[in-house]
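No value in this document is a laboratory result; all are computed from the given coordinates. What you are looking at is a predicted structure, and each value in this text was computed from that prediction instead of being measured. Reconstructed Cβ throughout: ideal geometry from the backbone, glycine too, with neighbour counts over all protein chains shown.
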């Protein structure tokens, strides 16, 4: 990684403002991984995508402008782009093989340690779009503007989307709680 | 629970740490704490993978896509510049030719019989001894005078262009009424006065302007249809009067004095008829042939010296270059702007489509859970 730092520093433009890539990668690795886990609801896939994200980030590091946003926001945008590319290719593959989404095998690995089974199940029931706004605003504590930048939507739309996602999450939790009590 | 719109505004406050006021808000904050408290550290394998990132051997070479884009843009710009220069460099000849067409109205090549001159726009007009048909409904008889100034590189060019001009004129059935050529060293001037059949004027202008660079041109037209019609009417009237007088003389009803008077009147009528015919011949001659004055000149000696060196020359060259560049830029902007507008519309539509596909993908709870990369 020291070689990486040395190579990154060879770009004179904005080098004074840009931190070494290795430091940035170490600092934000967990956040990017968490974001992808929530987005994909698949920790193994999230690990693959996170690795690809940082590889792409290293190649694009000289184009990053610290004056236009934080490193974490930039990395999450790259991660989102990688994930969407994967989803698109997966959808094309499914169309070619004529498989429906309902035939997808369930993912057994837990999303995270420390989540109650009800919350984990409720999270998995949300759509990927709802989960990603929850992870950005709640788990990673992005402010509304930064989260909107990652999602490519307006700040107001981001807040609305979060409110709906949390409302849906809460309703699912209540249903599961009631079902558990009845059982 | 309240509507999402109300919750959104209150949610921002709760996430910022505001004290919950309802049980629902307290549950929300509890949910947020549970989510934040969950451990989701990156696995060791991922850490190692990121630590091992190193540049690929081809990291410092430009991508193929970028090279193709740069090459395509360069070819497009060079082609557009060349087309603009070709168009603008030929514009002078086109202006002269267009004016010539405007003046006499048609570029149809009409061959003319040498002794039966025709006017371009008024149809054929017979010479002496033939009945005069009515002029054509379209067009009018006009006297056309053109002056064209050409710049030629050097004295040899003056001589060659003069000879070519004479040759072209004769090939087109015209005549050279005067020719003056004056050369001294590398400088020279020439003036040729040409009479070109009106039907061949377009070709003459086109071919003559190829002999040099057009620096000035002027066209003067005079409508002669009115005078021609009046002359024709006068001839017809005189002929009618002559027939009347001849009939009176042949009738034998006149006494000696009346017969003498009639013969004198007849002689006057015939004289007037001859004059009228001569007038009409002159008018027809003017309208059947156009007068073209061709002036050839080499560049002024001072201008050549100035343009070769010195600050003034450099400034002049820079000004010429900027003017040319500005003209090319305007040309490119006008030509490319519709294409750019179409490209912008296409890009916007593709973006909208991409957003819809993205939204559809993210509606799936597990959009990417079906394959794992190795």
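The average projected area of the stretch B:202-334, computed from the convex hull of its Cα atoms over all directions, is 15.4 nm². With the largest listed first and rounded to whole Å, the semi-axes of the equivalent ellipsoid of the stretch B:258-364 from the Cα gyration tensor are 76, 37, 7.
Across every pair of different alpha-carbon atoms, what Kirkwood hydrodynamic radius in Å does the stretch A:45-86 reach?
10.5
When Rg and the Kirkwood Rh are both derived from Cα coordinates, the Rg/Rh ratio for the stretch A:28-183 amounts to 0.99.
The Rg/Rh ratio of the stretch B:7-58, with both radii computed over alpha carbons and Rh defined as the Kirkwood radius, is 1.37. Averaged over the residues of peptide A:54-63, the number of Cβ atoms from other protein chains lying within 10 Å of each residue's Cβ is 2. Averaging the Cα positions of each part gives two centres, and for the stretch B:136-210 and the stretch A:142-183 these lie 87 Å apart. Distance distribution P(r), the stretch B:204-245, all Cα-Cα pairs, bin width 10 angstrom from 0: 21, 24, 16, 17, 14, 7, 0 percent. Each listed q (0.14 Å⁻¹) maps to a log10 I(q)/I(0) for the stretch B:154-209, found by the Debye formula over equal Cα scatterers with no solvent: -0.37.
Under conditions of 37 °C and 0.692 mPa s, the stretch B:130-223 yields 222 µm² s⁻¹ as its translational diffusion coefficient, taking Rh as the Kirkwood radius over Cα pairs in the Stokes-Einstein equation.
The mean of 1/r over all pairs of different alpha-carbon atoms in the stretch A:19-60, once inverted, gives a Kirkwood hydrodynamic radius of 10.4 Å. Note: relative contact order over the stretch B:193-324, using C-alpha pairs below 8 Å and six or more positions apart, is 41 percent. In this calculation the C-beta distance from residue B:26 to residue A:62 is compared with R0 = 56 Å, giving a FRET efficiency of 0.75.
Measuring max minus min along each principal axis, the C-alpha atoms of the stretch A:18-100 give extents of 47, 22, 17 Å (largest first).
Relative to the compact-globule scaling 2.2 N^0.38 Å, provide the ratio for the alpha-carbon radius of gyration of the stretch A:111-173.
Normalised Cα radius of gyration, the stretch A:111-173: 1.10.
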